[in-house]
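The values are calculated or read from the model by the stated rules, or taken from the named source; none is laboratory data. Just so you know, these numbers come straight off a predicted model, no measurement behind them. Here the Cβ positions follow ideal geometry from the backbone for every residue, glycine too, while neighbour counts run over all protein chains shown. SASA here: full protein model, heavy atoms, side chains in, ligands and nucleic acids out. Shrake-Rupley method; radii C 1.70, N 1.55, O 1.52, S 1.80 Å.
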Amino acid sequence: MAFEPKEPQKEIKYKEARIYSDAELHNYTEDELKKFKIKHSTPMCDDLEKGPWPSFVADAKRAALHRRKLPDNRMMIDRNVVEDLLGQLELSYEHGETHWKHGGIVGVFGYGGGVIGRYSDLQEQFPSIAHFHTMRVNQPGSYFYNTDYLRTLCDLWEYRGSGMMNFHGSTGDIIFLGTFTEQLEPIFFELTHVLQQDLGGSGSNLRTPSCCIGKARCEWSCYDTQDMCYEMTTHYQDELHRPQFPYKFKFKFDGCPNCCVASIARADMSF
Ligand code: SF4
């Protein structure tokens, strides 16, 4: 039987939901990037740009230049967030210790999970990362995205957060890296009411379930992993959003013993 979602699914159109124009998204040239220097000296971070592999430092510098050239009213948190992040990272390498502190609980109304509070312990030196909260966004089943959806998420996070993301965290969520407390509710509203998109789990709750690509593409699948993942995610919403366990709990869905989402290694209950 074909999978049927429990409620009508909204199709997101980037041209209706977009925040930035093409000119704003492509606001620097490769020549400008070569000459670009962030405001802190970061020799050890710069070292991580060498070699043939992709570098998160190189990516961060692109993001920093992009933000440097956006007008003030096109970002809801400080434009220097990426530059301060690299500056603090450099100091962490130098001191051999982290400069993040976990300073209490932050979150959105009605949820006990989905946001991880993060603050800098060098707030005077790096004011734009005084708050640097992470948000976990429940990923689509088997990571099926379309570009309209991805670009809409990216615009939202550029506007209300640092613009930096991680696809994906080890549990499976899309990770939004770094925003201030005041931005959490507007982002949550936009995600849930406009994009029909929920937060994932964090803390001692049920963590975001994830599944292999299963019957959507794979001939080995013994059952519909996406259907199962969807059912379990919607059935255990309360456990996902309101931590009530002594420790986190994970389940993941592999369609066969090949174990592509590593359900045995990564989950407490594997299928
Ligand atoms: S776990 Fe099995 S069914 Fe799922 S994608 Fe891998 S090979 Fe296919």
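Some points to look at:
- The stretch 30-69, residues that are farther than 18 Å from Phe126 by Cα and either of a type in the set (S, T, N, Q) or touching a Gly at 6+ places or on another chain (Cβ under 8 Å) (or both): Ser55, His66
- For Asp268, the stated conditions hold: it is open to solvent by 30 Å² or more (accessible area, probe 1.4 Å), more than 25 Å from Phe188 (Cα to Cα) and more than 10 Å from the ligand (Cβ to nearest atom).
- Yes/no for Thr234 being out of contact with any Phe, Trp or Tyr (no Cβ under 7 Å at 6 or more places or on another chain) and either among the β-branched types (Val, Ile, Thr) or under 20 Å from Ser170 (Cα atoms) (or both): yes
- Residue within the stretch 213-229 that is within 30 Å of Lys15 (Cα to Cα), without any contact (Cβ under 8 Å) to a residue 60 or more places away in the chain and open to solvent by less than 50 Å² (accessible area, probe 1.4 Å) present: no
- Subset tally (residues that are in a loop (DSSP other than H, G, I, E, B) and open to solvent by less than 30 Å² (accessible area, probe 1.4 Å)) for the stretch 152-175: 7
- Verdict on Gly178 being under 13 Å from the mean Cα position of the chain (by Cα), on the phi > 0 side of the Ramachandran plot and crowded, with 20+ Cβ neighbours inside 10 Å: yes
- Residues being away from the ligand (no atom under 13 Å from the Cβ) and not in a helix (DSSP H, G or I) - total across the stretch 204-262: 17
- Search result, residues across the stretch 165-180 that are closer than 10 Å to Thr134 by Cα and in contact (Cβ under 8 Å) with a residue 24 or more places away in the chain: Ile175, Phe176, Leu177, Gly178, Thr179, Phe180
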